[in-house]
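Below: one structure, written as structure tokens.
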Amino acid sequence: MNFYFEAVNVLDKLDAKKGSIKGVLASIPEKNRKRTAALVIETLKYKPVLGEVIDAAQLLKQEKKITSRNLALVLVHDLLLARGIQAGDGPIKQAVLRHKTRLTSEFTRAKIKRGAKSNDELAQTGDARAASIPRYVRVNRTCWTTKEALKAFQAQGYELGDPLSSPKSFKQDDHIPDLLAFHPSVRFIEDPLYLSGKIILQDKASCFPAHILAPPARNDAVVIDATAAPGNKTSHLCAIMQNKGKLYAFERDRKRFSTLKTMLSKAHCTNVEAVNSDFLTISPNDANFGRATHILLDPSCSGSGIVNRMDHLLAAEQEEDDDSDRLNKLAAFQLKMVRHAMTFPSVRRIVYSTCSVHAIENEHVVRQALKTEEATTGGFRLARRAQVLPIWPRRGFPEELDDPADADSLVRCSPGEDATNGFFVSLFIRDETDVSGPETKKRKQPVNAHDNSEQRAAKRKKKPSKAMDP
Ligand code: SAM
């Protein structure tokens, strides 16, 4: 019965919105994870019909031994849709078996009502948008080059072509150097290239922040990743910096900090110092951190842009997940983080990003940040489009900003429309004359080679329309 209680515990946590399906399942001890995960996912797939059957058979009313709806769901799932309840003959199993005939007939009734010819047709399907998002693979430039990676994948039998057309086709991304796109069904979890850290599985949109921040690859560079775990963007920053200079990666959560450290070691990051601290408690005048010129701020958000086949199974019940109270609290925290980043004396570039689609966490945070004392006295403004992935067509929502023209400075990704998860990126910059420091005085050019190539590309291309709102 313990196996069922473990699955119930996961379902209870999901009901209490204590994390995504993937996140909650990851917290199960590894030896039981596979079996429990399968039961949880299958139960969620059939949850609406199982719930209807349990109610019609009045199982919970008649059997006090079945102490919760989630316990009834997992047991009835196995009774009706698997090989029976996998437990010894105890009182809980007996309580369900007493109702087997009624449950079976209510199940048949529910099937007829839905016109389902097989049990499979009763299952809730995943999020169809996930099928339009390729499996993205970032080549870890700290280990090898993209050219070498292309050759290695070709040697494995992949051919250059449209990644959505066949599981054997892959291509180089148009916007992010070092990013490759494969068919969504391709799995790399067991691939030696993944296990050795030579490739990193990272959604395209989540590669935008480090690319846009564009930290320098120099021995005297000082960069901060303020909210780092699990560390995909940290290792991306590290790759852009070619493991040079110093990259401070803050993470306040102890467990996530340990994941971050594992991830950074696997990605061969040698210029990163991971710090298990709350970024808000870090003094901008600290002798080390205070020298940072670039800050990446990718704080906790509602995650409403994440398209996930599994989490879609929760969507029907959690449509109001993003209630305004929660979003207001998140937005207040996000703004606090931006304001704190702006107090660092040497900082010239701050990327603020979220995987949310809500304007309240995106344009509204930017709009308010620009009006704060930290921004006005510090001389921060939004970078122009030319520095913020100019060839990316989908920009911010003009109607959500004080100055609609600012929308052009912002990057948005729309799930299902852009072959990425939903995402938002902004770049605050400080006029170079406003900050002192050796680099500031010397450099009058764009921050790195990416900016140059993008600017040239933007000029070559016909200028896209201002904001491509869906
Ligand atoms: N950038 C990460 C990546 O790409 O892998 C994802 C960051 S996740 C959206 C936000 C992270 O920030 C969480 O791990 C959270 O624990 C951490 N966090 C939130 N508030 C923080 C704070 N004040 N200081 C440091 N870390 C914080």
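The values are calculated or read from the model by the stated rules, or taken from the named source; none is laboratory data. Since the model is a prediction, treat every value here as computed from it, not as a measurement. Note that we place each Cβ from the backbone using ideal geometry, even for glycine, and neighbour counts take in every protein chain shown. Quick note on the areas: whole protein, heavy atoms, side chains included, nothing else; ligands and nucleic acids left out. Shrake-Rupley method; radii C 1.70, N 1.55, O 1.52, S 1.80 Å.
Note: relative contact order over the stretch 131-257, using C-alpha pairs below 8 Å and six or more positions apart, is 25 percent.
Based on protein heavy atoms only, the chain ends up with 47 Å² per residue of surface accessible to a 1.4 Å probe.
For the chain, averaging the sequence separation of C-alpha pairs within contact (under 8 Å, six or more residues apart) and dividing by the residue count gives a relative contact order of 12 percent.
Here the spin labels are modelled as points 7 Å beyond Cα on the Cα-Cβ line, and at Asn32 and Asp55 they lie 3.0 nm apart. Between the stretch 185-233 and the stretch 1-29, the alpha-carbon centres lie 28 Å apart. Short-range pairs are left out: with C-alpha atoms under 8 Å and at least six residues apart, the relative contact order of the stretch 55-197 is 16 percent. Of the solvent-accessible surface of the chain, computed with a 1.4 Å probe over protein heavy atoms with every protein chain present, carbon and sulfur atoms account for 50 percent.
Taking the average, over residues, of other Cβ atoms within 10 Å as the packing measure, peptides 371-383, 230-242 rank 230-242, 371-383 from highest down. For the listed peptides 395-407, 205-217, a ranking on the average number of other beta carbons within 10 Å per residue, highest first, reads 205-217, 395-407.
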